[in-house]
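Notes follow the structure.
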Amino acid sequence: MKGRKTLVGAMVVSLLFLCISVYAQVSRPYRNGSVWSIALIKVKPGMNEAYMNYLTGQWKANQEASKKEKLILSYKVLTTEAHGSDDWNMLLMTEYKDLATMEANEPKEDALAQRTVGDDQKQMQGYKDRSEIREVVGSRLAREMVLEPRQ
């Protein structure tokens, strides 16, 4: 009887190890990629040139400084047509290595903005000035899914 219990116990342990090793060998045909911070912007009628001047000036300078400091990977500006009077017509996209890196670098990004844009008061004035030419409709965080297995 004791031998039988030992045999059953050994079989259970063997089955458990087999299940764990099969689970560990699961291969997914995709992997997590970078994370994008996306701002959905509604540029007010007649204000495209004014907003593009801001984007090509101060916004781009700050994004380039962030790239140089390796705080971000890339950035993009996409325009589209609005589908209604309350809809956005521009996306401002900033790419980060991953969510953990994005969060860990927030203090560095704040310090960089202080150097490239100005102190908190100047940044607040910039937000107020831009509210005259655009509205931030919303924001999203999106993770890129790379359709290749992890290497």
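Throughout, read-outs are computed from the coordinates displayed, never taken from laboratory work. Source: prediction; values computed, not measured. Don't worry about glycine lacking a Cβ; one is built from the backbone with ideal geometry, like all the others, and counts go over all protein chains shown.
Excluding GLY126 itself, calculate the net charge of residues whose Cβ lies under 13 Å from the Cβ of GLY126, where each Lys or Arg counts +1 and each Asp or Glu counts -1.
0
Under 9 Å from the Cβ of SER74, count the other residues' Cβ atoms, weight Lys and Arg +1, Asp and Glu -1, and hand me the total.
+1
Quick one: what are the phi-derived ³J(HN,Hα) couplings along region 136-151, Karplus 6.51/-1.76/1.60 with θ = phi - 60°, whole Hz, x for glycine and proline?
Rounded to whole hertz, the list is 7, 7, x, 8, 9, 10, 10, 9, 6, 9, 8, 7, 9, x, 4, 9.
Near the amide H of GLU135, under 5 Å away, which other amide H atoms are found, from residues 5 or more places off or on another chain, if H is placed in the peptide plane?
LYS42, VAL43, LYS44
Quick one: which of LYS44/LYS97; LYS60/LYS122; LYS42/LYS68; LYS97/LYS122; LYS68/LYS97 span more than 26 angstrom between C-alpha atoms?
Distance filter (> 26 Å) returns LYS44/LYS97; LYS42/LYS68; LYS97/LYS122.
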